[in-house]
Amino acid sequence: MAKYTGPTNKLFRNYGVKDLSNRKLTTSMRQNASGQHGATRKKNSDYALQLKAKQTIRMTYLVNEKQFAKYYKNASRKTGVTGTIMLQTLESRLDNVIYRAGFAITRRQARQVVNHSHVLVNGKKVDIPSYLLKAGDVVTVRESSKEYIKTVIESIDLALNYAWINVDRNELKITFDRIPQREELDPEFKEQLVIEYYS
């Protein structure tokens, strides 16, 4: 992805991206947008709302603009609800599943775990964070990387469980059971505005 090198807390304040530093949201962090006029109340245009909805989802999953547009285009060609299919595709990414399983503190760290070849998919090395998992795929940790992943798991205070993945933290194994349903995903995502943006 095109690496974002600016202040990560600004992304949280501007777009509501939640996992940039850790799983605990800083309650003392100001909720208004960053900048001198961030707290000024102003009415956003339809385009501004659509853009913000797109940026929120894109930056949450750490996907660059070109890649995100490709996910939308592929989803629009399939039968079903375009916005839901797009979110399901993003949720099926290998780096996201590593993060959801609690094998990384942030999605950025999950990308690093995949890039550094710490994990195997169905017994084969995969070092592409955007690799899309299919129902039944099994993700395991390489023998030489198990100690590192165990220290990461121990450092995460909040262990989250998701219905579409089965996590064995003792064996360091993740089974991607199925594609998640829309009601199981973040209710704050406004994918309909993303569709309107690209339309």
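Laboratory data are not the source of any read-out in this text; all were calculated from the coordinates shown. Only a predicted model underlies this, so the values are computations on that prediction, with no experimental measurement involved. Here the Cβ positions follow ideal geometry from the backbone for every residue, glycine too, while neighbour counts run over all protein chains shown.
Overview of results
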{"quantity": "Euclidean distance between Cα centres, region 124-199 to region 40-115, Å", "calculated": "14"}
{"quantity": "Extended-chain gain in nm, criterion 0.36 nm per residue less alpha-carbon gap, Val81 and Arg178", "calculated": "33.2 nm"}
{"quantity": "Under the Karplus curve 6.51 cos²θ - 1.76 cosθ + 1.60, θ = phi - 60°, whole-Hz ³J(HN,Hα) for region 144-155, x wherever Gly or Pro sits", "calculated": "6, 10, 5, 5, 5, 5, 4, 5, 5, 4, 5, 7"}
{"quantity": "For Ile165, residues with placed amide H under 5 Å, excluding near neighbours", "calculated": "Asp177"}
{"quantity": "Karplus (6.51, -1.76, 1.60) ³J(HN,Hα), θ = phi - 60°, over region 85-99, in Hz, Gly and Pro reported as x", "calculated": "4, 4, 5, 5, 5, 4, 6, 8, 4, 4, 5, 5, 5, 4, 5"}
{"quantity": "Cα-based reach from Lys78 at 20 Å (exclusive), listing aspartates and glutamates while leaving out same-chain residues under 8 positions away", "calculated": "Glu91, Glu183, Glu191, Glu196"}
{"quantity": "In nm, spacing of pseudo-spin labels at Glu65 and Tyr148 (7 Å Cα→C-beta vector)", "calculated": "3.3"}
{"quantity": "Region 170-186 - phi-based ³J(HN,Hα) in whole Hz, Karplus 6.51/-1.76/1.60, Gly and Pro as x", "calculated": "6, 8, 6, 10, 10, 10, 7, 5, 6, 6, x, 7, 4, 5, 8, 9, 4"}
{"quantity": "Given Lys10/Lys125; Lys124/Lys150; Lys73/Lys124; Lys10/Lys73; Lys10/Lys124; Lys10/Lys43, the pairs whose alpha carbons are separated by over 27 Å", "calculated": "Lys10/Lys125; Lys73/Lys124; Lys10/Lys73; Lys10/Lys124"}
